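What follows is calculated from the coordinates using simple rules that are stated; it is not laboratory data. Note that the structure is predicted; figures quoted are calculated from it, not measured. No Cβ is skipped: glycine too gets one built from the backbone with ideal geometry, and neighbour counts run over all protein chains shown.
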Amino acid sequence: MKSSHRLITTLALVVAAPFVLAAEPAPAAPATAPAHKEKKIETDLSHRMDKMAGAFRKLRRQAADATKNEDSLAQVSILREYGEASLKLEPYKAGEVPAADRARLVAGYQEKMKEFNAAVAQLEAAFKAGQNEAAAKLVQDLSALQKAGHKEYKSKAID
């Protein structure tokens, strides 16, 4: 009796399944296409800053770990290389300010980059000396410099 009951139940499920599954509505497609973000303006400086940002993120995670000093020095090398190259460029924001203010803005940017590059040199020395606690503090200082510099000199069009 049990086996015939199971057989009937199984057959009923097999026969009814296509109808039950077909009755479920298909997921609705979105009524409108998703809005596209405005295209980000890309410049030589923004490319360099993006490379620096990747190295900097990695440094923030590993600066205190002495076992990662070799990789940390590689990241510092990226910061140094792109930081020195960025010093020779003008921020996009220079084209957005009145001509009378442009020279002051570029000079301020260059001064901030020199300050950043000096801090990167200190960071490199700390890693080479195995002073990871000091290096972690310098990474925090660099983070503050980065935020202040971006607030002052980064164009809203680059975000």
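For the pair residue 143 and residue 81 in one chain, pulling the backbone fully straight at 0.36 nm per residue adds 20.6 nm over the alpha carbon distance. Charge dipole (Cα centre; +1 on Lys/Arg Cβ, -1 on Asp/Glu Cβ; no other charges) of the stretch 44-153 amounts to roughly 180 debye.
Calculated FRET efficiency, residue 156 to residue 73, Cβ-Cβ distance, R0 = 35 Å: about 0.50 to the nearest 0.05.
Can you tell me how the stretch 44-153 classifies by the Cα gyration tensor, rounded, prolate or oblate, using a/c under 1.5 as the rounded cut? Don't skip to the end; give the middle numbers.
Details: a/c = 2.67, a/b = 2.33, b/c = 1.14.
Note, shape of the stretch 44-153 comes out prolate.
Using 1/(1 + (r/R0)^6) with R0 = 25 angstrom and r between the beta carbons of residue 115 and residue 64, what's the FRET efficiency to the nearest 0.05? Before the final figure, lay out each step's value.
On the way: r = 23 Å, r/R0 = 0.93.
About 0.60, to the nearest 0.05.
Over 24 Å apart at the Cα level, from the set 51/112; 68/154; 58/147; 40/137; 128/154, are 68/154; 40/137; 128/154. The gain in end-to-end length when the residue 104 to residue 40 segment is fully stretched comes to 20.5 nm, 0.36 nm per residue minus the alpha carbon separation.
Per-residue extension of 0.36 nm, minus the Cα-Cα distance of residue 134 and residue 53, leaves a gain of 27.1 nm for this segment.
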